[in-house]
Amino acid sequence: MEPIKIVDNVYWVGAVDYDIRDFHGYLTPKGSTYNAYLILDKEITLIDTVKHGFEDELLSRISKIVDPSKITQVISNHAEMDHTGSLPGTMRAIGADKPIYASALGVKNIHGQFPSEGLNLKQVGKEALKLGTYSLQFLETRMIHWPDSMFSFLPELGLLFSQDGFGLHYASTERFDDELPPSTLEYQGLNYFANILTPYTSQIAKLLETITSSGLIGDTKIICPDHGVVWRSNPSKIVELYTKWVQQKPKKKAVVSFDSMWHTTEYMARELTDALGHEGIDTHYLNLKHNHRSQVATESFEAAAILIGSPTINNQMFPSVANLLCYLKGLKMKNKIGAAFGSHGWSGEGAKLVQAELGSMGYSLPSPEIRIQWVPQEKDLTPIKELAKLIAAEINKVAE
Ligand code: FEO
């Protein structure tokens, strides 16, 4: 449980959660980290804490540098429980009366989480907080991705503490961007962005403009997020990726995701995937029996088209498909072409309901849903191939 030096007088003292797989409904196959940072100055300052259950790991790392009771203040950049869950336990070791600085809504939310702990919560001001040699400036980043979220900037060292922004859910022994392959960083960054930040792309785009035009990003030498690696070798890389991702420009890519009762909707999905592939579209086949909704979301993020298949059960779509649609609807992805398909025995509402839901999500629907009764026959392939041609043509109109 060793701390990791970021620069002189600033250390990573967080926790590594190799085992977490379900992060509020998002599959995290590589686990995650809860990053916290210790600044040594006249005022010894802890930036963020960790999830409940990881207090000992945090305090063990801090103790290798300084007695935790010497910490004089804590900054809480984000009041979600993976960062505040250990606050009461941590404050008992630091000193229950020490101040915890947060945004106005951070103060409210932390108090709401721990109303009887008597935490000494203080709202950050517009003025920088003097630590001694160093100082901290605060920037509200409301809805990135919670109402309370804020960044803290240490100008004397060019360190930006960006809470969830620019994070990765990636548990490993590596703490820095230069220790992992760029392809891993980009894929994990996209996975994180797609599942956590997509609903807030407008707010993120404005924030990127603000921090670029104000010179904050130009002055940033190292980005220290609350999850995953510290961006020390090339912090502008993740900022450039965010600048691209907020635009949600579709690629020449399609996702075919479905569930099936007796392999007949699956047969349609395979034929659609083949046909779209023949049209030159990079097509991803994601059977919900083997793929988590968040994997579908990750693949869907840059896809121009999302085709969803469902059988009918008790006059409804299949529950796993409803689960996926509920998740995708919350992510509010933009610039999507949608299509629904499915086989059925008699009533056949499944595909119709999927089509209606895709419409309600703002996806453009160039075709009515494709439904096949019972087992698809050779003649049934014609509408599937026609749908693939139509979707491919629509993709080619909009994709990069
Ligand atoms: Fe890492 Fe929104 O908490």
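Evaluated at 37 °C with a viscosity of 0.692 mPa s, what Stokes-Einstein diffusion coefficient in µm²/s does the range 237-327 have when Rh comes from the Kirkwood expression over alpha-carbon pairs?
235
Give me the net charge for the shell around residue 320: Cβ to Cβ below 10 angstrom, other residues only, Lys and Arg +1, Asp and Glu -1.
Taking every Cβ under 10 Å from that of residue 320, the sum is +1.
How far apart, in nm, are two points set 7 Å out from the Cα along the Cα-to-Cβ line at residue 356 and at residue 1?
Each label point is offset 7 Å from its Cα along the Cβ direction, giving 5.5 nm.
Can you give the calculated 222 nm mean residue ellipticity of the chain, where each DSSP H run of n ≥ 4 adds -39,500 (n - 2.57) and the sum is split over every residue, rounded to the nearest 500 deg cm²/dmol?
Taking each H run of at least 4 residues, the total per residue is -10000 deg cm²/dmol.
Need the full-extension length gain, residue 205 to residue 137, defined as separation in residues times 0.36 nm minus the C-alpha distance. One decimal, nm.
Fully extending the segment from residue 205 to residue 137 adds 22.4 nm.
In nm, what is the difference between 0.36 nm times the number of residues separating residue 236 and residue 186 and their Cα-Cα distance?
Stretched fully, the residue 236-residue 186 segment lengthens by 16.7 nm.
Taking Cα centroids, how far is the range 254-326 from the range 345-369 in Å?
Rounded to whole Å, the Cα centres lie 13 Å apart.
Within the range 16-97, list the chymotrypsin sites (Phe, Trp or Tyr not before Pro) lying in a DSSP loop whose Cβ has at most 13 other Cβ atoms in a 10 Å radius.
Listed in order of number, the matching sites are 18.
Treating the beta-carbon of each Lys and Arg as +1 and of each Asp and Glu as -1, no other charges, what is the dipole magnitude of the range 227-289 about its Cα centre, to the nearest 20 debye?
500
Using modelled amide H (1.01 Å from N, peptide plane; none on Pro or chain starts), what sits under 5 Å from the amide H of residue 284, excluding residues fewer than 5 places away?
254, 255, 256
Please state the charge dipole magnitude for the range 285-400, taken about the Cα centre, from unit charges on C-beta atoms (+1 on K and R, -1 on D and E), reported in debye and rounded to the nearest 20.
180
So with the 1.4 Å probe, I'd like the accessible area per residue for the range 4-245, rounded to whole Å².
Dividing the accessible area of the range 4-245 by its residue count gives 38 Å².
What is the extension gain from residue 114 to residue 217, computed as 0.36 nm multiplied by their sequence separation minus the C-alpha to C-alpha distance, in nm to one decimal?
Gain on stretching residue 114 to residue 217: 33.7 nm.
I'd like the distance separating the alpha-carbon centroids of the range 106-131 and the range 167-239, in whole Å.
For the range 106-131 versus the range 167-239, the Cα centre distance is 26 Å.
Among DSSP bridges having both ends in the range 254-395, what percentage is antiparallel? Round to the nearest 5.
10
Counting other Cβ atoms within 10 Å, which trypsin sites (Lys or Arg not before Pro) in the range 63-109 have at most 13 and lie in a DSSP loop?
Within the range 63-109, the qualifying trypsin sites (Lys or Arg not before Pro) (loop, at most 13 other Cβ atoms within 10 Å) are 64.
With every protein chain left in place, what is the accessible area of residue 166 in Å² (1.4 Å probe, nearest 10)?
10
I'd like the chymotrypsin sites (Phe, Trp or Tyr not before Pro) in the range 336-382 restricted to DSSP loop residues with at most 14 other Cβ atoms within 10 Å, sorted by number.
Counting only loop positions with at most 14 other Cβ atoms within 10 Å, the chymotrypsin sites (Phe, Trp or Tyr not before Pro) in the range 336-382 are 346, 374.
Taking the Cα centre of the chain as origin, sum charge times position over the Cβ atoms of Lys and Arg (+1) and Asp and Glu (-1), and report the length of that vector in debye to the nearest 20.
660
Under 10 Å, Cα contacts only: if you run a Gaussian network model on the chain, which one of 178, 56, 22 comes out with the highest mean-square fluctuation?
22
Just to be sure I understand: with springs between alpha-carbon atoms less than 10 Å apart, which residue in 169, 83, 344 has the highest mean-square fluctuation in the Gaussian network model of the chain?
The residue with the greatest mean-square fluctuation here is 344.
Over 32 Å between Cα atoms: which of 126/334; 289/379; 70/206; 30/244; 289/336 fall into that group?
Pairs exceeding the cut-off: 126/334; 70/206.
Say R0 is 35 Å: what FRET efficiency, to the nearest 0.05, do residue 128 and residue 398 get from their beta-carbon distance?
The pair residue 128/residue 398 has a calculated efficiency of 0.15.
Just the number, please: carbon plus sulfur as a percent of the accessible area of the range 4-245, 1.4 Å probe, no ligands or DNA/RNA counted.
Carbon with sulfur: 52 percent of the solvent-accessible area.
Once the dipole of the chain is set up with Lys and Arg at +1 and Asp and Glu at -1 on Cβ about the Cα centre, which of 224, 168, 238 lies farthest towards its positive end?
The residue sitting most towards the positive pole is 238.
Which value in Å is the Kirkwood Rh of the chain over different Cα pairs?
Value: 22.7 Å, from the Cα pair sum.
What nm distance separates the two modelled labels at residue 81 and residue 262, each placed 7 Å from Cα along Cα→Cβ?
4.3
Pop a pseudo-label 7 angstrom from the Cα along the beta-carbon direction at both residue 172 and residue 289 and give the gap in nm to one decimal.
Label at residue 172, label at residue 289, 3.3 nm between them.
The values are calculated or read from the model by the stated rules, or taken from the named source; none is laboratory data. Since the structure is predicted, the reported quantities are computational estimates derived from the model, not experimental observations. Ideal geometry is used to build each Cβ from the backbone, glycine not excepted, and the neighbour counts take in all protein chains shown. Protein only, heavy atoms only, side chains kept; ligands, DNA and RNA dropped before computing areas. Shrake-Rupley method; radii C 1.70, N 1.55, O 1.52, S 1.80 Å.
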